[in-house]
Amino acid sequence: HGERWWVARTGIRAGLVSAVDSVSVGIAIPTMVTSLQADLDQMQWVVTISMLVQTLMMPITGWLMGVLGHRHLFLISLLLVSSGTVLCSLAWSLESLLVFRVVQGLGFGPLQPVCLAVLYRTFPLDQRGLALGLFNVSAALGVALGRLSGGVLVDAFDWRMVFYLTLCCSVSSLVLGCFLIPSEARHH
């Protein structure tokens, strides 16, 4: 039973990542405009491109889970998110930031569906509602954390810090996932 809750913690932490990222990046847009010398219309693509790629990836997530398995897709998604996040923090131009946001979007797209699938398959029928509810709470918590932390980090430091905000959650989920997500989530 304890193993299930560690899997839940891993999935829930991964669920935070997307919500924190989308909100905190939106908050950083005005300072990105100045730093990267782009106009606001161009800079809006930083948010839009990631969401577009995520949306395009979601329909093929079921197929990817069938080909790669839940565990591998979970880990690959988090690896793409983490790599894209580091690259975004190092972006030197609007164009480079957009390319790196595409990398993030390729990871974010399958992440939520695969997290939900892992939780659904790991928990017995009588506990699935609780596990999936906790995942949804993590997304709501991520929005709140993204607003608060993103604003503080941008004001106190730099827009690049909002990417490090999501990095700690994505890397810790990646490490935990390596040890805790079973090779193929068991049916109960």
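The values are calculated or read from the model by the stated rules, or taken from the named source; none is laboratory data. Quantities reported herein were computed from a predicted structural model and do not represent experimental measurements. Glycine gets a Cβ as well: all are built from the backbone with ideal geometry, and neighbour counts include every protein chain shown. Heads up: the accessible areas ignore ligands, DNA and RNA and are worked out on the full protein's heavy atoms, side chains in. Shrake-Rupley method; radii C 1.70, N 1.55, O 1.52, S 1.80 Å.
Here are the numbers:
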read-out: Estimated 222 nm signal from helices in the chain, with DSSP H stretches of n ≥ 4 weighted -39500 (n - 2.57), rounded to 500; value: -29500 deg cm²/dmol
read-out: Burial ranking of peptide ranges 10-18, 127-135 (average Cβ count within 10 Å, highest at the top); value: 10-18, 127-135
read-out: Cα-based shape type of region 1-73, given that a ≥ b ≥ c are square roots of the gyration tensor eigenvalues and the cut on a/c is 1.5; value: oblate
read-out: Percent carbon-and-sulfur accessible area, region 1-139, ignoring ligands, DNA and RNA, probe 1.4 Å; value: 69
read-out: Acute angle (nearest 10 degrees) that the helix 94-122 long axis makes with the longest principal axis of the chain, alpha-carbon atoms; value: 20
read-out: Ser183-Arg128 pseudo-label distance in nm [points 7 Å out on the Cα-to-Cβ vector]; value: 2.5
read-out: Whole-number accessible area per residue in Å² for the chain, which is evaluated in the context of all protein chains at 1.4 Å; value: 47
read-out: Alpha-carbon centroids, region 1-64 and region 159-178: separation in whole Å; value: 12
